[in-house]
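Notes follow the structure.
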Amino acid sequence: MEPFVALESAGAAFAQRLGLVSESDWDTPTPCEGWTVGDLFNHVVGGNVMAVRLLAGASKEEAVRELTAAPDGDPSAAFSSSAEAQLAAFREPGALERIVHHPAMDMPGAQLLGFRIGDLALHAWDLARAITQDEALDAGLVRFVWDGLQPMAPFIGQIGVFGTGPSGDVADDAPLQRRLLDLTGRRP
């Protein structure tokens with residue numbers, strides 16, 4: 001799967017589940033420890049906005065402010081607007097080669113793109129789990145995210161954003177989505 005297609009697919013997966021969130025769901029816990037559906041939503045939209053700002057030259061400190069700002073208005077419109085702006089920013093000439101000052105480390109835009117695809121895809125699953133909706137992700141998207149994260153398996157649990165990392169309890173021949181979820185500290 002081509003990266004821009006993966007970004008659109010991950011965004012669509014999140015948007016589809018977001019459209020199923022009811023007013024009573026916003027305070028529901030998610031698989032992300034300590035986060036409610038509202039917290040997860042704020043994180044995802046903040047991540048989209050942060051990526052746009054980073055690609056435009058924002059500093060690490062400016063990026064963190066974007067990540068923690070809660071969006072106003074209609075949630076679906078806020079997500080859609082941020083996702084469209086993010087896609088446009090990544091498609092700008094030179095964006096994938098540009099070095100951005102992400103809070104984790106300086107990196108090329110292509111690496112940030114991979115982060116955003118994984119974030120959207122995994123949080124689409126988290127959202128579906130929280131609101132008890134269909135958790136299946138597109139197989140091509142799962143493969144794309146797996147291929148990006150699997151090389152980090154030996155140390156992914158030490159990064160601090162993927163729980164304890166792989167449990168060691170999921171067979172190598174288990175469905176790829178299950179292996180990806182386990183790799184990223186999710187225990188469905």
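Among Asp169, Asp39, Asp126, the largest mean-square fluctuation in a Gaussian network model of the chain (Cα springs under 10 Å) belongs to Asp169. Could you tell me the center-to-center distance, by alpha carbons, between the range 1-58 and the range 124-170 in angstrom? The two parts, judged by their Cα centres, are 15 Å apart. Taking a virtual spin label 7 Å from the Cα of Gln150 along the C-beta vector, which residues in the range 1-22 bring their backbone nitrogen under 14 Å of it? Those under the cut-off are 1. Counting charges near Arg91 (Lys, Arg +1; Asp, Glu -1) among other residues having Cβ under 15 Å from its Cβ returns a value of -3. Karplus-based coupling profile of the range 18-28, in residue order and whole Hz: 4, x, 9, 6, 9, 4, 7, 7, 4, 9, 6, with θ = phi - 60° in 6.51 cos²θ - 1.76 cosθ + 1.60 and x standing for Gly or Pro.
How large is the helix-only mean residue ellipticity at 222 nm for the chain, computed as the sum of -39500 (n - 2.57) over DSSP H runs with n ≥ 4, divided by its residue count, in deg cm²/dmol to the nearest 500? Present the calculation step by step, with values, prior to reporting the outcome.
Details: 7 runs with 102 residues, N = 188.
It lands at -17500 deg cm²/dmol.
For the chain, a Gaussian network of Cα nodes joined below 10 Å ranks Ala130, Ala174, Ala58 by mean-square fluctuation, and the top entry is Ala174.
Here, each number is a calculation from the coordinates, and none is a lab measurement. Bear in mind that the values here come from a model prediction, so they are computed numbers and not experimental data. Using ideal geometry, Cβ is built from the backbone for each residue, glycine included, and neighbour counts are taken over all protein chains shown.
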